[in-house]
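For reference, the structure discussed in these notes is given below.
The values are calculated or read from the model by the stated rules, or taken from the named source; none is laboratory data. Remember, predicted model here, so these are calculated numbers, not experimental data. Every residue, glycine as well, gets a Cβ built from its backbone with ideal geometry; the counts of neighbours run over all protein chains shown. We work out accessible area using only protein heavy atoms, side chains counted, and drop any ligands, DNA or RNA first. Shrake-Rupley method; radii C 1.70, N 1.55, O 1.52, S 1.80 Å.
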Amino acid sequence: MTQAEREQENGKEKEKEREKEKEKEQRGVKRPIVPAAIAEPLQEPIQTTSIIIIHPGSKTLRIGRATDNVPVTVPHVIARRHKQPGQPRHEDLWLLRDGLNKPESNEQRQNGLKMVDQAIWSKKMSNGIRRTPVSAEQARAYNRQIRPAVLDPTARVKWTSTSHNADYFVGEEALYVNPADSYNLHWPICRGQLNIHGGPGGSLTAVLADLEAIWSHALQKLLEIPLKDLKYYRCILLVPDIYNRQHVKGMVNMLLKNIGFSAILVHQESVCATYGSGLSSACVVDVGDQKTSLCCVEDGVSHRSSRMCLAYGGSDVTRCFYWLLQRAGFPYRDCQLSNRMDCMLLQQLKETFCHLDQDISGLQDHEFRTRFPESPVLLYQCRLGDEKLQAPMALFYPATFGIVGQKMTSLQQRSQGDSEDPHDEHYLLSTQSKQDQSSKAGAERKSLPKPLGFEGESSSQGGEASERGLHSQEVDFGPGQAECLVGGSEMEDSPSALLSRRTAMSQFEGKALGLDKAILHCIDCCASDETKRKMYSSILVVGGGLLFHGAQEFLQHRILNKMPPSFRRLVENVEVITRPKDMDPRLIPWKGGAVLACLDTTQEMWIHQQEWQRFGVRMLRERAGFVW
């Protein structure tokens, strides 16, 4: 061995000894409650190829790498085999929902349709001529005579083979499981929240297990990532603006512990939508399949007081279109909302035929095909009039949906508390009253005349230091925020202003607001006129529920007509953005998650697996990009 090699060997041994001594010293040090940032992973640049973006929707899962141009899209459904033979079959509702079979439902639906018709006929077309009303009777006489033509006696579409008794099927395979087979069908997310219900597979544990199975399948089969390699990957999870803390906690726990990602970052759909569209501020309107969420986002901050969730979306428009088709003598007479194949057909017909263009009027002839497993391919002719415009207009007159006795509008509620997180907003609210008392006592002491001998420079500096210390230890949320803690620029709002806005919003809770009215109320909840002006100038519509021809112009016209007169002078132009950068509006929040993965400012927001195992839900309060 040469002299150089001996010196190198000695150097390595000394370095090992120094590391052992450091470990011994650290063992005796008491660790802080809030974990320090883990230096090792953050020193190395994070590769975006190893970051997976997950955007779970009520009917569609979008998942992919941050470097992908578009995500993989999977129907968010799972079919699970019965554990015992002879077990009754369960299938979660798709187009059907509670509140449709009440005695008042039909009357409410008819009243809503009258309002829709009045709005259609009162608006002139672009050539200045009023629309000619088209009654359902005119189409019905033609459609009742139609008989289908057989195009192919044997359909190429097949039921999913269940001969090998797989425990479950996911996505398209699950949708095409024969109803005669012994499988239950579950949609794990309903109206943006986990689909917790009293039926089979409706517990929180079962729903999270369904999510784990669907997401694991997508990772392995569609993204071709073995689960054992996920320890080298990170995940960005998009959650709704109005989120359930227990549900988010369960999903984060499942992704880190069960699926095995090394780290996770949680952010809201609305903020990611602004990132994906390249806007700094916007009133984000996310029209999904089962819910419509609204929120004002300013410089990456979601204004909590403006968040609103409406319990209707694209599926409700589809069901409304089916009802209108029946009135017009729909030639496919065996169509049933309880049949999964028929639901898929109705969704397709809505997307093909419906529009919000007032210039399209009169009766028009259309054709469509039915392709069902074990059935011939049939060609139908049908004649439709105003039904194609009436169905999407139900978003602006939700009484047309005929939903009675259901909570239709939700706001962000206070946390119910979590035993793992003692320093949550309940703690902050309780300490706020103590601070009020101490601040009041301090003010009284200052107002008293100072005794001689205490007027020196050192005493005044000490008072300022103690005052700074007091404010740094506890945050004053003000009495008006007892119901609504906020972040970002909203911290500057006066308690009375916050309370009045909260009261104004509460009167709509539970009511079915039309989409245009909901946007106006959402913007009205912003703190300043300047912020409101920004929001009117940038109304961003994302999601797949408003993908109708003419939707942008239609919504813009309604907002202009209904906005407060005082803002018509302040706002230069009301701009409704439905396709920023010519992108598919359904992919914009996911794309924003991919943008988020590349930002340097997000590096402090990652929650690592070891941190989650040790500190649990407290990490969400420390690291989430919004007020937890």
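Placing +1 at every Lys and Arg Cβ and -1 at every Asp and Glu Cβ, with all other atoms neutral, what dipole size does the stretch 126-267 have around its Cα centre, in debye to the nearest 20? Walk me through the numbers on the way to the answer.
Details: 15 positive and 11 negative charges, 111 e Å.
Roughly 540 debye for the stretch 126-267.
For the stretch 577-628, taking Cα atoms only, what is the radius of gyration to one decimal and the Dmax to the nearest whole Å?
Rg, Dmax (Cα atoms, Å): 14.8, 44.
So for each of 299-307, 146-154 I average, over its residues, the number of other beta carbons within 10 Å; can you give me the resulting order with the highest mean first?
299-307, 146-154
What is the calculated FRET efficiency for Thr352 to Arg147, with r their C-beta to C-beta distance and R₀ = 25 Å, to the nearest 0.05?
Calculated value: 0.70.
Using only protein heavy atoms and a 1.4 Å probe, report how much of Met254 is accessible, in Å² to the nearest 10.
Accessible area, nearest 10 Å²: 0 Å².
Mind giving me the nanometre distance, one decimal, between the label points for Arg130 and His197, set 7 Å out from Cα along Cα→Cβ?
Going from the Arg130 label point to the His197 one covers 4.5 nm.
Give, as a single signed number, the net charge of other residues whose beta carbon lies under 10 Å from the beta carbon of Arg623, with Lys and Arg counted +1 and Asp and Glu -1.
-1
Kirkwood hydrodynamic radius of the stretch 211-263 from all distinct Cα pairs, in Å?
About 11.7 Å, per the Kirkwood formula over Cα pairs.
How far is it, in nm, from the label point at His549 to the one at Trp159 when both lie 7 Å from their Cα along the line to the Cβ?
Distance between label points: 3.8 nm.
At Ala180 and Asn573, where each label point lies 7 Å from the Cα along Cα→Cβ, what is the point-to-point distance in nanometres?
So the label points at Ala180 and Asn573 sit 6.0 nm apart.
Tell me the per residue accessible area of the stretch 288-332 using a 1.4 Å probe; a whole number in Å² is fine.
On the way: 720 Å² over 45 residues.
With the other protein chains kept in place, the stretch 288-332 gives 16 Å² per residue.
Quick check on my link table: of Lys59/Lys407; Lys249/Lys534; Lys124/Lys388, which ones sit more than 22 Å apart, alpha carbon to alpha carbon?
Lys249/Lys534
Distances over 24 Å make up what percent of all Cα-Cα pairs in the stretch 242-362?
52
Rounded, prolate or oblate: pick one for the stretch 342-414, where a ≥ b ≥ c are the square roots of the eigenvalues of its C-alpha gyration tensor, a/c under 1.5 means rounded, and failing that, prolate if a/b is larger than b/c, else oblate. Could the numbers behind the result be given before it?
Values: a/c = 3.12, a/b = 1.50, b/c = 2.07.
Since a/c reaches 1.5 but b/c is at least a/b, the shape of the stretch 342-414 is classed as oblate.
Pairs of Cα atoms under 8 Å, at least six residues apart: use those to get the relative contact order of the stretch 101-214, whole percent.
12
How large is Rg/Rh for the stretch 505-597, to two decimals, with Cα atoms and a Kirkwood Rh?
0.99
Quantify, in whole percent, the carbon and sulfur part of the accessible surface of the stretch 211-309 (1.4 Å probe; protein heavy atoms only).
Reported share for carbon and sulfur atoms: 46 percent.
Counting only protein heavy atoms and a 1.4 Å probe, tell me what percentage of the stretch 60-102's accessible area is made up of carbon and sulfur.
Within the stretch 60-102, the accessible surface is 45 percent carbon and sulfur.
Taking a spot 7 Å from the Cα of Arg333 along the direction of its beta carbon, which residues of the stretch 140-155 have an amide N less than 16 Å from it?
140-149
Give me the tail of P(r) for the stretch 46-167 as a percent: Cα-Cα pairs with distance above 21 Å. All intermediate terms of the calculation are to be shown ahead of the outcome.
On the way: 5572 of 7381 pairs.
Across the stretch 46-167, Cα pairs with separations above 21 Å total 75 percent.
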